[in-house]
Every structure is written in structure tokens, then in C-alpha cells.
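The values are calculated or read from the model by the stated rules, or taken from the named source; none is laboratory data. Worth saying up front: this structure is predicted, and the values here are computed from it rather than measured. Positions of Cβ are generated from backbone atoms using ideal geometry, with glycine treated the same way; all protein chains shown enter the neighbour counts.
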Amino acid sequence: MTYSIADFSFKRIINAIDWKLLLFLMLFLNVKLAVKVPAIIIIYLLRFNFRFGFSFKNSRLPLFYLFIIIIAFVTLIINRGYSTPNYLLVFLTGIVFWGLCLLAIHQVKLSVENNSVEIIQNTVLIFFVANAILSFFNIAHIIWETGAFNPYTYQGENQKYFIGTGDYIRGLTFDTSTTNAVLNAFGVIYFLDRKKPIMVFVCMIVLLLTGSNFTNLVLSGILLLLFVFKSTRDQKSLIVVCLMFLVVFMAKISPQNNKYVFDGVENIFHTPKTETLAGTAVIAAPAIVTSPEEIKRKAAQAYIDSISAISNKKQTARPPAPAAPVLPNYHGRILITGPNINEPPYLTLTDTTVEQKQLLTFIDTHKGNLPISGPQAAYKPGFPGKVAGILQTFSFFRHVPSKILAGDGIGNFSSKLAFKATGLSFAGGYPAKFIYISKDFLSNHLDIYLNFFSRRSGLHSLINSPFSVYDQLLAEYGLLGLLAFLVFYLGFFARHYKMLTYGAPLLLLVLAIFFIDYWFEQLSVIVFFELLLLLNIKETSLKPANYGHE
């Protein structure tokens, strides 16, 4: 199969784009809620339509969004949350979030229904091109600022970039780099199925630049499955190149990640070892590294030390240079030029930040209700925060079985909204006079978060945050919420499994990323996932016999 440059004729593409959809995606996926809401208003003014088409048989949209709102109202009545004014604001805000999800998928569905497949495909292409351009601008700006061609190994400015450079590659959404990583993982799978090698490589490069090890790991697993079970010869070649890109990035561009990934996996699946010294059990030194960020820091330091050791060894092993005049001021020593990586500009800052001081003040005020972070003891290794969060949820239902069916309620246990309503600026601002913190949230997931994020920056990592879609659905909406998700959301797309091409691996990817954040409340990657799935269903319904295999 040959690939023509004509496939990327932008003049042709620009004349066949759903500009309403493109504008909506660019605005709605923005990190700011103040941009998302106007995006919904604008798209409905441009395309006024509220015919959602819900039905129990062949529903036009997932019934999940409708049922989750109903469950929330039922829980509000059961728990009598309406008696607390501040909680009512939290509840209504949560309903607004779900409403925005519903309004967004409705507009995406309208775009797919009212346009040809080619127009939607072109719109998706332009979105990824624009995101890639901005992502490349992000890395170019860092290179310009640091003066380092490879900022992933640049240690200056107190290691502001270095192994964390990927955190600044945020792309078109201006959201976290993880959001950018997930979107580009979607792009790799989508363009791989459409056999667009240039865009496959562009999305893969942007994904690698974000430095999202979790997304890289999940995508690599999916690509290997596609390589073995569902790919043509040309697609296999593209998969091999993508995996080679990953290897090169890990080995040459950001070599610290090599040790970081292995240490991270080891610390997740192995309990800390103990050693006995003079009759006393003590934790072995390596065991205290339980978070990926701390592992990352240690891996980076180990890498630096190893390079320094090799350099020193070469210096000592080098044969004597020819005799030359020796400057008396240097006492016969060789003057080594270049920065000293052990001096302050090349070391991470250890001062307590303003944000950490705020968390420490909060802990001191509420320490009686914080069994983990309240005692303010020295950090002790144990389960990562995400695992501890899931265990807390199970423990909560074991002690309060009456809430297992409908959950603890919106914003009461595990959600982005629960963190936002604390007024601690976890997920944007919140009116101080309406601050609300549920006791169940305070003594569980908030306690876990405070335990890790009030301490050294090495513990501030994805694996130590209790964020998870599954945890949110189970804790705040109970078994009914989780069942509604499985049957009326996953089931809505999975029922078309025989028609899905790239939709199937995208579904696997989304199931994995649901472990790492509250994605529905992020109002970002989910709407793009829904667009691609709805597009794939339309594509294959038009070409059921040979689509994707020409």
C-alpha cells in the first residue's frame, strides 16, 4: 500500500469541515469551566436542538446520563441533603456537570448525523493538527527558555523541567499533560486504523513529549494486541515504528524514565522489605520510595550519579597528557569547566511551598478528623494513595451498608467536585462562603490526598491521588450508579462491537484511564472519545463489509 501526500491537501480539507463542531471541540475541551459553559451556549445557539431521543430500545444517546442524574436526586432525598444549604449548591453543581456531559454528547451526535463521514474525519484531523502545532510550540518555548536542545535532561533552574518537562506539554486544551497524552493516544489508534502514517507518528511524538508513562504503557499494550490480532502488514509496520519511538524516547531523550518505570512497577507489586539491625526491625532505605514522583527523582539522581561516575572513571583512566606549563594558582590540577550539578541551581527546591503551607494549616485545623495525615508523623511507606482510596471505599460500605445501593451522594466522598468544594483550590476556585466538606470525604479520600500532597514534592503523583471514575461512581452513586455505567454507557457502545474497528481499542483505552482521574467531571477527553465512537459506528454502518481493509 502507498501513501500519497495528496491525502493531506489542507485546501481540500478546509472546504469540507464542520466548523461548528471544530469550534465547539476547541472551546469545550479547554481546561477552564468559564470557557466550557460559553462553548455549550454558542453551539446550541448555532444549532438549536434538544431532541435527545432517549428510549429503552435503541436509545439515540446513552441512558447513563439520565439515570445518573435520577440516582443523584434519589440519594439527595434519602440522605436529606436538601437540609444543608451549602450542600445544595454542591449538589446542583454536580447536576450541572452531568447536564453538560449530556448536552455535549447530543451536539456531537448531531454533527455525526448531519454531516458526511468525510467531513467529520476532516474535522477530527484539523483538531489533531492544531493540537500538535501548539504542543510543538510548548516544547520549542521550553528549549528557547532553557537553551537546552533536550530539556528532558536539563537540570538547571532547580530542575524545573528535567524529568518533568512533559508536564508542560499541554496542547490545545491547556489542561494537564495527561489530558494531552490521552487525546494523542486516541489519535494514534484512530489514524492507525485509517492508515494515515504521518498523523500516527505526529500523535505518537506528541504523546511521548508529554511524558505520561501510564498512557504510554496502556497504549503499548493495546498496540501489541492489535499487532497480533487485528492489523494489516502496513499497520504492523506503523506499530513497530511507534514502539521504536517509545524505546528511543526512554533510552535517549529521557533516560531517567527507564529506571523510573521499572522502580514504579516494583514498588506497586512488592511490599516494602524490612531488615533487622541490632535486634530492631527497620525499613530498608529503598522501601521509602513508594510514589512514582519520588521514584522519578531517585531514578534521575541515580542516572546523574552514574554518568558522573563514568566521567570520573574516564578522567582517572586517561593516559597522562604531554608535559605543559602548569599555572601555579591551580596547584597542578586540571581545570574542569561546566556547571556543577551539585550546586543549588541544579538541585530541586526543598522549601515548603505556599500550597503546602495551606494544606498543613488545614491539617492542623482538622487533625481530629484526619486519621492518616492528622498525626503529622514522618511519612511511612505503604499502599499508594489510589489503592488506599479504593480500600477506604470498601471499608466505608462495610461500616455503612445502608448506602451501598445508592451511594453517599454527589460531592460527599470521591469526586472532583468534592475536592473543589473544599475551597483549597484543588480543582479551581470556589466561593469561600459556600465551602462544603462532607465528614465522610474529610476522613477518607481528602485525608489520603493531604497525607501525600502536604509533604515533599516527590510524593505528588498520579498514583497517590485517589481520583478514579470507578471509585466515584461506586462511592457517590452506589451499586446503582456503577450498574448504570456498565449497562447504559459501556453497553451503549459495546452493543456495536461487531461494527467497531478503531472503536474497540479506544474502548479498552478508556476503561484503563478511568482508573486515574474523574474524567466525566473533566469535561474533556470523554466527549472526544464519544465523537470517535459515534463516528466509527456510522462509518462501519455505511461500509459493513470492507471498511478499514481496503
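Values as computed for the structure displayed
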| read-out | value |
| --- | --- |
| So T153, is it modelled with pLDDT of 95 or more, at negative phi, hydroxyl-bearing (S, T, Y) and surrounded by 18 or more Cβ atoms within 10 Å (Cβ to Cβ) | no |
| Filtered residue count, the range 18-44, keeping only those that are buried (at least 17 other Cβ atoms within 10 Å of the Cβ) and either over 19 Å from D175 (Cβ atoms) or more than 23 Å from the chain's Cα centre (by Cα) (or both) | 5 |
| Cβ-Cβ under 6 Å pairs, at least 6 apart or on other chains, the range 162-178 side closer than 26 Å to I126 by Cβ and in contact (Cβ under 8 Å) with a residue 24 or more places away in the chain, far side aliphatic (A, V, I, L, M) and surrounded by 23 or more Cβ atoms within 10 Å (Cβ to Cβ) | I169/L209; T173/L29; S177/I169 |
| Residues satisfying the stated conditions in the range 449-470, i.e. part of a helix (DSSP H, G or I) and either within 19 Å of the chain's Cα centre (by Cα) or modelled with pLDDT of 95 or more (or both) | Y449, F452, F453, S457, G458, L459, L462, I463, N464, V469, Y470 |
| Residues (farther than 20 Å from I526 by Cα and either aromatic (F, W, Y) or outside any helix (DSSP H, G or I) (or both)) located in the range 23-52 | R47, F48, N49, F50, R51 |
| Selection status of A421, under 22 Å from the mean Cα position of the chain (by Cα) and surrounded by fewer than 21 Cβ atoms within 10 Å (Cβ to Cβ) | no |
| Contacts under 8 angstrom Cβ, first residue in the range 46-69 being in contact (Cβ under 8 Å) with a residue 12 or more places away in the chain and within 21 Å of L486 (Cβ to Cβ), partner part of a loop (DSSP other than H, G, I, E, B) and among the small types (G, A, S), 6 or more apart | S59/G53; R60/G53; L61/G53 |
| Residue tally, condition within 30 Å of T178 (Cα to Cα) and of a type in the set (D, E, K, R), over the range 17-76 | 4 |
| Those helices (runs of 4 or more DSSP H) lying entirely in the range 471-550 with at least 2 residues over 28 Å from F426 (Cα atoms) | 491-494, 503-513, 525-542 |
| Meets criteria (under 28 Å from P62 (Cβ atoms) and out of contact with any Phe, Trp or Tyr (no Cβ under 9 Å at 6 or more places or on another chain)) for H496 | yes |
| Residue satisfying condition, being over 20 Å from V218 (Cβ atoms) and surrounded by fewer than 22 Cβ atoms within 10 Å (Cβ to Cβ), within set L490, L480, L507 | L480 |
| Residues located in the range 174-212, provided they are among the basic types (K, R) and part of a helix (DSSP H, G or I) | none |
| Those residues of the range 389-435 which are in contact with a Pro (Cβ under 9 Å, 6 or more places away or on another chain) and within 23 Å of V96 (Cα to Cα), in sequence order | S414, G423, F434 |
| Matching entry among T178, T215, T210, T173 (being of a type in the set (S, T, N, Q), over 20 Å from M250 (Cα atoms) and either under 16 Å from the mean Cα position of the chain (by Cα) or surrounded by fewer than 20 Cβ atoms within 10 Å (Cβ to Cβ) (or both)) | T173 |
